[in-house]
Amino acid sequence: MIYRFDALASTNTQMASMADSLGHGDVVVCREQTAGRGQRGNSWEAEPGSNLTFSLLLRPQVIMAKDAFIMSMAVSVGITKALRKMLGREVSVKWPNDIYVDDRKLAGILIENSFSGQNIGHAIVGIGLNVNQRVFRSDAPNPVSMANLAGEEFDLDSVLASVVKGILDEFNACEKCGEYAELVKEYHSMLWRRKGVHPWHDCLTGEQITAAISRVEPSGHLVLATNPERTYAFKEVSAIL
């Protein structure tokens, strides 16, 4: 079911307040989000009525708390596949789960999990997707929209339906088989800058390094192919654009 609002501070916050009464796959979407949250505490710019700001509720039955990053992979892969189909071009996942086209950010994802012992009670997947906004006025360095890329506007409801279906298809497939090897392989194949060496800022040491991506561990840690390899948690390393 889709719950629509004209304006909300945050779709994730709204969904959290409703979570007990919502089912797997339910969506909260709003026309205008006034205090949307992104990774690292960043805000998300979204022109009212031009883009999609929504949250999706997932209720895992098989994926355990220790494998929480598998859900991030499923969400990222599902969105990327849907956008590739709609745009007809390469779309990538910037570790851990931003959605990029070339060096420009098309969508951001914020997943908030509710844990119960070794299980995940539910996950709220907040997504900001730039759809029809043509001009961005915030200080975000590299935003882009589907309309910028395609030269035409998209129907928001159709995009929402396609993205939600893409996520649920990937997530439900993992839940059904309980096996994640194929998903991990697909996630790696979709990684932004997955080929060649690129500059990175090591936030732990303050140094700039040049390295290729070796892999992303099931825990979500990024491993760079330095000698020896370096392993980073989220916020411990950042790509230099």
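The values are calculated or read from the model by the stated rules, or taken from the named source; none is laboratory data. Everything quoted here is computed from the prediction, not taken from an experiment. When we count neighbours, we look across all protein chains shown, and the Cβ atoms used for this are built from the backbone with ideal geometry, even at glycine. Quick note on the areas: whole protein, heavy atoms, side chains included, nothing else; ligands and nucleic acids left out. Shrake-Rupley method; radii C 1.70, N 1.55, O 1.52, S 1.80 Å.
Here are some notes:
- The structure shown yields volume of the Cα convex hull per residue in Å³, and of the options (1) 142; (2) 127; (3) 166 that calculated value carries the label (2).
- For the chain, carbon and sulfur atoms together expose 49% of the accessible surface, with a 1.4 angstrom probe and every protein chain in place.
- Loop exposure criterion: trypsin sites (Lys or Arg not before Pro), DSSP state outside H, G, I, E and B, at most 13 other Cβ atoms within 10 Å. Applied to the chain, the longest stretch between such sites is 1-88.
- Environment charge at residue 76 (Cβ cut-off 11 Å; Lys +1, Arg +1, Asp -1, Glu -1): -1
- Calculated FRET efficiency, residue 227 to residue 189, Cβ-Cβ distance, R0 = 22 Å: about 0.35 to the nearest 0.05.
- Over the chain, dividing the summed -39,500 (n - 2.57) contributions of all DSSP H runs of at least 4 residues by the number of residues returns a 222 nm mean residue ellipticity of -8500 deg cm²/dmol.
- Prolate/oblate/rounded call for segment 94-230, Cα gyration tensor, a/c under 1.5 rounded: oblate
- Among 86, 73, 15: highest mean-square fluctuation, GNM of the chain, C-alpha pairs under 10 Å: 86
- When the chain is treated as a Gaussian network with alpha carbon springs shorter than 10 Å, the biggest mean-square fluctuation among 113, 51, 227 belongs to 227.
- Net charge of neighbours whose Cβ lies under 15 Å from the Cβ of residue 171, counting Lys and Arg as +1 and Asp and Glu as -1: -4
- Using C-alpha pairs under 8 Å with a sequence gap of at least 6, the mean separation divided by the residue count of segment 160-241 gives a relative contact order of 22 percent.
- Mean separation of Cα contacts under 8 Å (6+ apart) over length of segment 13-138, as relative contact order %: 29 percent
- Classified by the C-alpha gyration tensor, segment 1-123 has an oblate form. Its axis ratio a/c, with a ≥ b ≥ c, is 1.5 or above, and a/b does not exceed b/c.
- Taking every protein chain into account, the accessible area of the chain amounts to 47 square angstrom per residue (probe 1.4 Å).
- All other residues whose Cβ lies under 14 angstrom from that of residue 120 are scored, Lys and Arg at +1 and Asp and Glu at -1, for a net of -1.
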